[in-house]
C-alpha cells in the first residue's frame with residue numbers, strides 16, 4: 001500500500017497535529033536509495049497501528065525539507081506531538097529502521 005503523500009501545505013495538519021507518532025519520509029523520484037527504502041516503509045506502515053508513516057517529495061516541497069535541515073535523502077524523521085524525536089539518514093534495512101525507532105516510540 002502506497003504511503004500517503006504530504007505537501008508543504010498539508011504537513012502541519014498531517015504530521016505536526018497528528019495523534020500519535022508520525023514518521024516522515026523525505027524523498028525524491030530520482031533518488032535510487034529512496035526507491036529501495038520506500039517498500040520497506042510501506043511494509044512497516046501496514047504492520048504498525050501505533051505509527052503513521054507519510055511521504056514528502058522534497059523536489060515539490062522544499063520548504064518543509066529545508067525547515068528540518070534535510071541535506072541528503074532518504075531522510076526519515078520521527079515526530080511525537082509535533083516534536084522531532086529521531087532522525088534517520090540513508091537507506092537501511094527494515095530491522096535497523098525498527099531498532100532505531102523503537103526506543104523513541106516506547107518513550
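The values are calculated or read from the model by the stated rules, or taken from the named source; none is laboratory data. As the structure is a prediction and not an experimental result, all values here were calculated from the model. For neighbour counting, all protein chains shown are included, and Cβ atoms are generated from backbone atoms with ideal geometry for every residue, glycine included.
Structure values in brief
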{"read-out": "Qualifying residues in region 10-28 (those that are in a loop (DSSP other than H, G, I, E, B) and touching a strand residue (DSSP E or B) at 6+ places or on another chain (Cβ under 7 Å)) - the one nearest to residue 77 (Cα to Cα)", "value": "21"}
{"read-out": "Where residue 66 falls short, out of the listed (1) exposed (fewer than 13 other Cβ atoms within 10 Å of the Cβ); (2) assigned to a loop (DSSP other than H, G, I, E, B)", "value": "(2)"}
{"read-out": "Only listed residue being closer than 19 Å to residue 99 by Cα, at pLDDT 95 or above and more than 11 Å from the chain's Cα centre (by Cα), chosen from 21, 39", "value": "39"}
{"read-out": "Filter result (free of Cβ contacts under 8 Å to residues at least 12 places away in the same chain and within 24 Å of residue 19 (Cα to Cα)) within region 90-102", "value": "99, 102"}
{"read-out": "Near pairs, Cβ below 6 angstrom, 6+ apart or cross-chain, from region 15-27 (within 12 Å of residue 38 (Cβ to Cβ)) to any residue that is part of a helix (DSSP H, G or I) and at pLDDT 95 or above", "value": "25/41; 26/65; 27/34"}
{"read-out": "Meets criteria (free of Cβ contacts under 8 Å to residues at least 40 places away in the same chain and farther than 14 Å from residue 16 by Cα) for residue 58", "value": "yes"}
{"read-out": "Number of the condition not met by residue 87 [criteria: (1) under 21 Å from residue 28 (Cβ atoms); (2) without any contact (Cβ under 8 Å) to a residue 40 or more places away in the chain; (3) in a loop (DSSP other than H, G, I, E, B)]", "value": "(3)"}
{"read-out": "Residue, modelled with the lowest pLDDT, within region 78-89, restricted to residues that are surrounded by 12 or more Cβ atoms within 10 Å (Cβ to Cβ) and touching a helix residue (DSSP H, G or I) at 6+ places or on another chain (Cβ under 9 Å)", "value": "81"}
